[in-house]
Each structure stands twice: as structure tokens, then as C-alpha cells.
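Data block below; observations after.
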Amino acid sequence: MARVLIVDDAAFMRMQLKNIFTNLGHEVVGEAENGQQAANMYDELQPDIVSMDITMPEMNGVEATKEIKGKDANATIIMCSAMGQQQMVLDAIKAGASDFIVKPFTEDRVKETLDKLL
């Protein structure tokens with residue numbers, strides 16, 4: 001079982017991800033609606049996995065990934081992107097993201113990614 005921090009500016013996406021992670025037996029320890037909030041919460045919560053949206057206000061997912069990886073090189077971050085954001089996904093992987101999932105995603109796809117990383 002992993003402890004998960006969900007980061008997405010859309011409340012419905014956070015809810016959908018929370019349901020998926022919970023159904024898969026993981027514990028959602030926090031939710032953030034932007035990258036700055038996520039970077040701050042990471043220190044406090046020390047999650048095993050961060051699911052990170054790319055496009056968000058205040059600080060995007062790529063910048064938040066850089067900030068988190070700067071503090072914890074072993075952080076496991078899964079980027080969640082919409083179709084057509086290939087360049088941003090590549091930037092995120094360069095910034096240290098472990099994997100990515102394209103929206104809209106299914107429980108099976110999330111499980112497959114978690115199985116690979118845990």
C-alpha cells in the first residue's frame with residue numbers, strides 16, 4: 001500500500017484519482033490544487049507517490065516536480081497529462097518524473113503504472 005499525494009487544479013479529477021487509488025488499496029494522504037501547494041505539502045506528508053497534473057495555476061507540474069526532486073531525489077512522481085501535451089511530458093520526465101498517465105485514465109492504467117513503480 002502506498003501513501004499518495006494527488007495534485008490537480010480540477011476538483012473532479014482529484015476525486016476521480018482518489019477513488020482509483022483507494023479502490024486499488026492505497027491511502028490518499030493529501031490533495032493539492034497547484035504545484036506550489038504540492039511542493040509545500042510534500043515535505044509535511046512525505047508520500048510514497050505523487051500524482052501530478054501538468055497544467056495548473058501558480059506553479060505548473062513540471063516546476064513542482066523540479067522543486068520536489070530538488071528536495072528528495074527519490075520522490076516518485078507520476079505526471080497526469082491531457083492529450084497533446086507530449087512536449088510537457090518530456091519536460092516532466094527530464095525534471096525527474098517517474099512515469100506519466102494520459103487523461104482520461106482508467107483504473108487499469110493507474111494500476112499498471114503503480115505496479116511498475118512500487
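The values are calculated or read from the model by the stated rules, or taken from the named source; none is laboratory data. On a predicted model such as this, the values are computed, not experimentally measured, just so you know. Positions of Cβ are generated from backbone atoms using ideal geometry, with glycine treated the same way; all protein chains shown enter the neighbour counts. With ligands, DNA and RNA removed, areas are computed over all heavy atoms of the protein, side chains included. Shrake-Rupley method; radii C 1.70, N 1.55, O 1.52, S 1.80 Å.
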Original post:
What are the residue pairs meeting all of these: first residue in the range 67-91, first residue under 15 Å from Val4 (Cβ atoms), second residue in a helix (DSSP H, G or I) and open to solvent by 40 Å² or more (accessible area, probe 1.4 Å), Cβ atoms under 6 Å, and 6 or more apart or on different chains?
Top reply: Ala75/Lys69; Thr76/Leu117
Original post:
part of a helix (DSSP H, G or I) and more than 23 Å from Met1 (Cα to Cα) - does that describe any residue in the range 96-112?
Top reply: no
**OP:** State which residue pairs qualify: first residue farther than 14 Å from Met52 by Cα and inside the range 1-22, second residue assigned to a strand (DSSP E or B) and basic (Lys, Arg) in any location, beta carbons under 8 Å apart, and separation of 6 or more residues or different chains.
**Re:** none
**OP:** Go through the range 72-81 and give me each residue that's part of a loop (DSSP other than H, G, I, E, B) and modelled with pLDDT under 95.
**Re:** none
**OP:** Can you tell me which residue within the range 1-16, out of those that are over 19 Å from Met59 (Cβ atoms) and open to solvent by less than 30 Å² (accessible area, probe 1.4 Å), is farthest from the chain's Cα centre (by Cα)?
**Re:** Ala2
Subject >> Odd one out for Gln46, checked against (1) touching a residue at least 24 places away in the same chain (Cβ under 8 Å); (2) among the polar types (S, T, N, Q); (3) open to solvent by 10 Å² or more (accessible area, probe 1.4 Å); (4) at negative phi >> reply: (4)
